[in-house]
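Participant: Below: one structure in C-alpha cells.
Please treat every number below as a calculation from the coordinates, not as lab data. None of these values were measured; they are calculated from a predicted model. With ideal geometry, Cβ positions are generated from the backbone for all residues, glycine too; neighbour counts draw on all protein chains shown.
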Amino acid sequence: MKLAHLMALPLALLTVAPALAHHSFSAEFDGKKPVRLVGKISKIEWTNPHSYFYLEVAGRDGKTATWACESGGPGALSRRGWKKGDVKIGDTLIVDGYLAKDGAHLIDARRLKLPDGRQIYGGTPGDGGPGDNANG
Amino acid sequence: MNLLVDFCQWLNDLPPSQTLAESEWAFPIVESVHVLALGLVAGTVALVDLRVLGLALGDIRLTAVARRLLPLTWGGFAVMALTGGALFASEAVKLSHNPLFLLKLVLLLLAGLNAWVFHATVYRRVAVWEQAPVAPAQARVAAITSLATWTAIIIAGRFIAYVH
Amino acid sequence: MLENLFRWLGATPVGLYMRDSDWGFASVETVHLLGLTALGGAVVVAHLAGAGVILRQSSPAAVQRGLRGFGTGALVALIVSGVLLVSSKPIRYYLDGAFRIKMLLLALAIASSIALYRAFANTDAPSPALRGAALLSLGLWLSVGVAGRIIGFL
C-alpha cells in the first residue's frame, strides 16, 4: 500500500535516527523506514500500555486507508503536557514515525503535530526508539 | 465463539476496566505488582521443584519445604490472578486475539494440571520416599515439567507485548 | 571516569550487537526477568526464614545454606544480563536517575544479605534485632525491583 504522503524526512528526524538503540522498538518497527502520515483522526485509543491514533490517510490512488499510530500510554503522554481531550475525532494530525515490520498499517509515532500547532514526542518511554531518552 | 467475544467486549467496557486502561499511574503500578509477584509464585514453585530434584534446600525435608512454601505460592498466585485479571480486563478484546496471551493461558492450565496430578498421585506416598537419596521418577518428571512450563509462561507473558 | 567505562561498554562487540540486534534486547531482557523470578523466590524464602516467619523448625542458617547455590546463580544471571542490557545504550542508563538509584540499592541489598548470611551462620539463637534486620533487607531487595520497573516507565 503506497503512501501519498511519504515525504522527505524533517532534519530533526535525521539527526535523531543515528541514535537508534534497539530495544523493544526494533523488534517491531523498522528504524530504516521513516514515514510521515497526514490524515483525519477516525478513532482514538487513549490506553495503556500504548495509545493509538487512527488516521484516514489518502493513498496515491485516491482511496483512503486507516493507519494506526502507536504512542506512549496516558502517563507518558500526560508527562509531555498532553491531555486526553487535546485531540478529537476529525482533527488532522501530522505524524512522523517508523513502519511496522510485519507490513501492518501501523507506525511507531515518534512525533505528532497537533491541530493547535504543538509538536509532541510520541514514543513509548524506554523502548529505545529514536528520541527516547532517560526522561521519556 | 461469539459468546467469548461478547464476554471480552463486555469486560473491556466495564467502567473499572476503562479507568485502568486510561489511567496514568494505576496501570503501570498494577503491571509492576504483577511482574514483581512472580518471585512469590514461580520462584517458590521452582524451589519446591528443585528440592524434589535434590538441587536446593537439601538439608530440609521435602514435606517441610512444600508445606511452608505453599502459603507463599498461593498468596502470590492470588496477587497474580487479581492483577492479571485487571490487566486482562483493561484490554480484553485485543488480548483475546493475541496468540502469546492464549499460549500463556494454555501453559498456566498445563502447570496447574501437572501440579494437581503430582499432588494427587506420587506426592500422596511422599512419606515413603521422602528420605530416599533420589525421588521417584514420576516426581522428578513432574518437577522438570513444572520448571519448564513456568519458564515458558514467563517468556510468553513477556512477549505478549511484541505481538499485535 | 565511570562515564568512560559505560561508553567503553557500548563500543565493545557485545555492546554493538545489543544495540543493533532486533531481538537481542528482548531476549536478554527475558533472561533478566527469569533471573528476577528465581532470585525473588530465593530472597523471599531466605529472609522470611531469617525473620522467623517460615520454616521455623529449621535454623535460618540451614535454609540460607540450602538456597545459596540457586540464589547466587540467579544473581549472576541478573548481573550478566543487566550489563548486556546497559551495553545496548550505556549513556542513556548512565544518565538515568532510576538506574543510578537501583544500582545503589542493589549494592546495599547484596551487602546486607551477605552480612546477614554470616550473622545467621554464627548464631544458634538469632536475636530479635537480627530477625528485624532480615525483614529490612527483604524490603531493600523489593525496592531494587521497584526501581527497575521505574527505569522503564519514566
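Participant: What does the highest-first list of B:85-92, B:134-141, B:63-70, C:84-91 look like by mean Cβ count within 10 Å? Before the final figure, lay out each step's value.
Facilitator: Numbers: B:85-92: 20.2, B:134-141: 15.4, B:63-70: 18.2, C:84-91: 22.2.
Going from most to least packed, we get C:84-91, B:85-92, B:63-70, B:134-141.
Participant: With a cut-off of 8 Å between alpha carbons and a minimum separation of six or more residues, what is the relative contact order of chain B in percent? Working shown, then result.
Facilitator: Working: 147 pairs, mean separation 50.1, N = 164.
Answer for chain B is 31 percent.
Participant: With charges set only on the Cβ (+1 for Lys and Arg, -1 for Asp and Glu), what does the dipole of the protein assembly as shown come to about its Cα centre, in debye to the nearest 20? Can you show the working numbers first?
Facilitator: On the way: 40 positive and 29 negative charges, 134 e Å.
The calculated dipole for the protein assembly as shown is roughly 640 debye.
Participant: Which entries of A:32/A:84; A:33/A:84; A:84/A:113; B:104/C:102 have Cα-Cα distances beyond 24 Å here? All intermediate terms of the calculation are to be shown ahead of the outcome.
Facilitator: Details: A:32/A:84 31 Å; A:33/A:84 29 Å; A:84/A:113 15 Å; B:104/C:102 30 Å.
Pairs exceeding 24 Å: A:32/A:84; A:33/A:84; B:104/C:102.
Participant: Sort C:42-53, C:114-125 by packing, meaning the average of other beta carbons within 10 Å per residue, with the highest value first. Write down the numbers at each step before the final one.
Facilitator: Working: C:42-53: 24.5, C:114-125: 13.8.
Top to bottom by mean Cβ count within 10 Å: C:42-53, C:114-125.
Participant: Per residue of the protein assembly as shown, what 222 nm ellipticity follows from adding -39500 (n - 2.57) for every DSSP H run with n ≥ 4, rounded to the nearest 500?
Facilitator: After summing the helix terms and dividing by the residues of the protein assembly as shown, the value is -19000 deg cm²/dmol.
Participant: May I pose another question? Rule-of-thumb check for region A:30-121: C-alpha Rg over 2.2 N^0.38 Å?
Facilitator: Working: Rg = 12.4 Å, N = 92, 2.2 N^0.38 = 12.3 Å.
In units of the 2.2 N^0.38 Å rule of thumb, it is 1.01.
Participant: OK, next. On average, how many beta carbons from a partner chain sit within 10 Å of the beta carbon of a residue in C:92-102?
Facilitator: Mean number of neighbouring Cβ atoms from other chains: 2.
Participant: Okay, next question. Per-residue Cβ counts within 10 Å, from other chains only, averaged over B:26-33: what number is that?
Facilitator: Numbers: counts 3, 6, 11, 4, 1, 5, 7, 2.
Neighbouring Cβ atoms belonging to other protein chains average 5 per residue here.
Participant: A further question on this structure: Which ³J(HN,Hα) values, rounded to whole Hz and listed in residue order, are derived for region C:111-124 from phi using the Karplus coefficients 6.51, -1.76 and 1.60 in 6.51 cos²θ - 1.76 cosθ + 1.60 with θ = phi - 60°, glycine and proline given as x?
Facilitator: Along region C:111-124, the couplings run 4, 5, 5, 5, 4, 5, 4, 5, 4, 5, 5, 9, 9, 8 Hz.
Participant: What number results when the radius of gyration of region B:56-164, computed over Cα atoms, is divided by 2.2 N^0.38 Å?
Facilitator: On the way: Rg = 16.8 Å, N = 109, 2.2 N^0.38 = 13.1 Å.
With N residues counted in region B:56-164, Rg over 2.2 N^0.38 Å equals 1.28.
Participant: Please state, rounded to one decimal and in Å, the Kirkwood hydrodynamic radius that the protein assembly as shown gives when every pair of distinct Cα atoms enters the mean of 1/r. Mind showing how you got there, number by number?
Facilitator: Details: mean 1/r = 0.0415 Å⁻¹.
For the protein assembly as shown, the Kirkwood estimate is 24.1 Å.
Participant: Rounded to whole Å, give me the distance from the Cα center of region C:63-97 to that of region B:95-160.
Facilitator: Result: 26 Å between the Cα centres.
Participant: What is the sum of charges around residue B:55, taking Lys and Arg as +1, Asp and Glu as -1, for the other residues whose C-beta is under 13 Å from the C-beta of residue B:55? Write down the numbers at each step before the final one.
Facilitator: On the way: positive: B:51, B:140, C:68; negative: B:49, B:59.
So the surrounding residues net to +1.
Participant: Taking every DSSP beta bridge that has both residues in the protein assembly as shown, what percent is antiparallel when rounded to the nearest 5? All intermediate terms of the calculation are to be shown ahead of the outcome.
Facilitator: Values: 30 of 33 bridges.
Of those bridges, close to 90 percent are antiparallel.
Participant: Count, for each residue of B:57-65, the Cβ atoms from other chains sitting within 10 Å of its Cβ, then give me the mean as a whole number. Working shown, then result.
Facilitator: On the way: counts 13, 4, 7, 9, 2, 0, 0, 5, 6.
Per residue, the average neighbour count from other chains is 5.
Participant: Which of the aspartates and glutamates could a cross-linker span from residue A:40 if the Cα-Cα distance has to be under 18 Å and same-chain partners fewer than 8 positions apart are dropped?
Facilitator: Cα-Cα hits under 18 Å: A:56, A:61, A:70, A:86, A:91, A:96, A:108, A:116.
Participant: Averaging over all projection directions, find the projected area of the Cα convex hull of region C:13-154 and quote it in nm² with one decimal place.
Facilitator: Values: hull surface 35.2 nm².
Averaged projected hull area, Cα only: 8.8 nm².
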